[in-house]
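Some notes on the structure that comes next.
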Amino acid sequence: MKLRKNEPLKFSIDISSLVDVLFTLLIFFSLTSTFVKETGLKVELPSASSGTPIVSPEKYEVSIGASGNISLNGVEIDSTEEMKNILSKFDTGMRLKYLMVIKADTATPHGRVTEVLDILKTLGFENIAVATRSKK
């Protein structure tokens, strides 16, 4: 009786279904992803070496451009009076909870930044931060 040698079994993984799933996921995520384009004023932030990153989910941005024009959360407004009217609609709880981030351009007149700070303090906002970029 002649015995055959056992040949080692060859294992292979069929990856065609895996590739199908990966391509399906790739297409799904590319179609459902959103890209955020920063709107509002173009602001060149001043640099500071002593700044600390602040992470606050509830923040409101006040941007002041080089010429002194103001935008609130990316929406340009005409005057500080309009800014007062918009921010005065915040109730007291929101004024205490929200972090007001002032993004002023390096060329912004100092008086304009002071004017915005004064409005925020007068309306009762307590959490105010000035945005900077880190020195490299």
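The values are calculated or read from the model by the stated rules, or taken from the named source; none is laboratory data. Computed from a predicted structure; not experimentally measured. Cβ coordinates were reconstructed from backbone atoms using ideal geometry, including for glycine residues, and neighbour counts include every protein chain displayed.
All of E82, E126 fail the test of being among the charged types (D, E, K, R) and modelled with pLDDT of 90 or more, apart from E82.
From the list G68, G74, the one residue that fits, being surrounded by 10 or more Cβ atoms within 10 Å (Cβ to Cβ), without any contact (Cβ under 8 Å) to a residue 60 or more places away in the chain, at positive phi and out of contact with any strand residue (DSSP E or B) (no Cβ under 9 Å at 6 or more places or on another chain), is G68. Taken as a whole, region 14-21 holds no residue that is of a type in the set (S, T, N, Q), assigned to a helix (DSSP H, G or I) and either modelled with pLDDT under 75 or surrounded by 13 or more Cβ atoms within 10 Å (Cβ to Cβ) (or both). When region 47-64 is limited to residues that are in contact with a helix residue (DSSP H, G or I) (Cβ under 9 Å, 6 or more places away or on another chain) and surrounded by 15 or more Cβ atoms within 10 Å (Cβ to Cβ), the one that is nearest to F125 (Cα to Cα) turns out to be Y60.
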